[in-house]
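The values are calculated or read from the model by the stated rules, or taken from the named source; none is laboratory data. On a predicted model such as this, the values are computed, not experimentally measured, just so you know. A quick note on method: Cβ atoms are made from the backbone with ideal geometry, for glycine too, and the neighbour counts reach across all protein chains shown.
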Amino acid sequence: MQVEAGGTDAQESQDLQDKERAGIQSVEVGFALLEVLAQAKGPLMLRDLAAAAGMSAAKAHRYLVSFQRLALVTQDSRNNRYDLGPAALRLGLAALSRTDAVKLARERIGPLMTQIGHTLALAVWGNHGPTIVHWEEAPEAITVNLRLGDVMPLLASATGLCFAAHVAPDAIAPLLKEELARAQKLGRTDLPANTAALQALLSEVRTRGAARVMGTLLPGVTGFCVPVFDADGHIALGITALGSQAMVDADWGGAVCAPLRAAAAQWSLDLGYRA
């Protein structure tokens with residue numbers, strides 16, 4: 001009898017584990033509906049929502065009934081379309097309030113540096129312009145005379161161009177005017193010669209999703225910088241890669257720029273940004 005009881009207990013434990021696994025799987029399946037709604041441009045009909053989540057309309061409806069009870073989803077009685085509900089909004093706002101862009105980037109920059117193979121830096125917009133707040137130096141890094149807290153020039157650095165392309169014009173216009181005048185006075189032919197040339201360059205930065213300089217800040221050094229955006233669509237930080245012109249793949253779709261853009265897109269997504 002003791003053996004049988006032990007066997008019964010073991011079976012009950014196994015059944016419980018199976019139910020728990022099924023429950024978790026069920027949550028994962030249902031979450032697909034919430035993910036579709038989060039990525040959609042507006043409310044969706046049941047058939048469209050179900051199709052995008054890869055399930056039948058009947059199956060999707062069962063999940064949606066539960067989500068409505070939890071206020072994760074709402075349904076418009078006028079057109080029967082589904083959208084995210086107030087509980088989903090509260091969860092999202094709570095997550096955003098606890099997300100720090102620089103902290104998130106510091107946790108992830110090491111693997112990114114290993115992937116790219118060149119020194120990476122993080123910059124934020126400070127009182128005087130784009131400011132370096134973190135370095136992740138590659139094992140075979142070139143020697144650069146830059147320090148934490150340094151403010152990057154707007155015209156000569158990839159970091160500066162990246163921020164100049166995305167910071168609010170009113171906030172950056174005086175700094176740009178000052179740097180343009182300085183470049184003209186010094187006769188810098190490798191920098192934009194006037195406002196029209198600068199605006200064309202910044203437009204290219206926005207189109208490409210990255211800024212690039214080759215020897216304009218540091219002789220023999222190529223730099224890329226990509227923007228990371230927050231939930232409000234503002235640039236939260238820039239990820240900059242630096243390396244020797246002889247070693248860095250300077251192609252826009254190459255081994256440096258492409259991983260940088262992919263990382264920036266994911267980090268922006270994790271900060272709540274939706275393009």
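Does Glu178 qualify as being outside any loop (DSSP other than H, G, I, E, B) and either closer than 22 Å to Val248 by Cβ or touching a helix residue (DSSP H, G or I) at 6+ places or on another chain (Cβ under 9 Å) (or both)? Before you say what the answer is, go through the steps one by one.
On the way: outside any loop (DSSP other than H, G, I, E, B): yes; either closer than 22 Å to Val248 by Cβ or touching a helix residue (DSSP H, G or I) at 6+ places or on another chain (Cβ under 9 Å) (or both): no.
So Glu178 fails the test.
Just the residues that are more than 18 Å from the chain's Cα centre (by Cα), surrounded by fewer than 22 Cβ atoms within 10 Å (Cβ to Cβ) and under 28 Å from Glu178 (Cβ atoms), please, taken from region 133-164.
Of everything in region 133-164, those that are more than 18 Å from the chain's Cα centre (by Cα), surrounded by fewer than 22 Cβ atoms within 10 Å (Cβ to Cβ) and under 28 Å from Glu178 (Cβ atoms) turn out to be Trp135, Val144, Asn145, Leu146, Arg147, Leu148, Gly149, Asp150, Val151, Pro153, Ala156.
Taking region 239-261, which residues are closer than 15 Å to Thr114 by Cα and under 15 Å from the mean Cα position of the chain (by Cα)?
Passing the criteria: Ile239, Thr240, Cys257, Ala258, Pro259, Leu260.
Being of a type in the set (Val, Ile, Thr) and in contact with a helix residue (DSSP H, G or I) (Cβ under 7 Å, 6 or more places away or on another chain) is the filter here; which residues of region 196-247 pass it?
Looking only at region 196-247, we keep the residues that are of a type in the set (Val, Ile, Thr), and these are 205, 207, 213, 216, 221-222, 226, 228, 235, 239-240.
Correct list: Val205, Val213, Val226, Val228, Ile235, Ile239, Thr240.
Within region 182-231, take every residue that is under 29 Å from the mean Cα position of the chain (by Cα) and of a type in the set (Lys, Arg) and give me the one that is surrounded by the most Cβ atoms within 10 Å (Cβ to Cβ).
Here the residue is Arg212.
Looking only at region 141-171, count every residue that is at pLDDT below 90 and touching a strand residue (DSSP E or B) at 6+ places or on another chain (Cβ under 9 Å) and tell me the total.
Total satisfying the criteria: 10.
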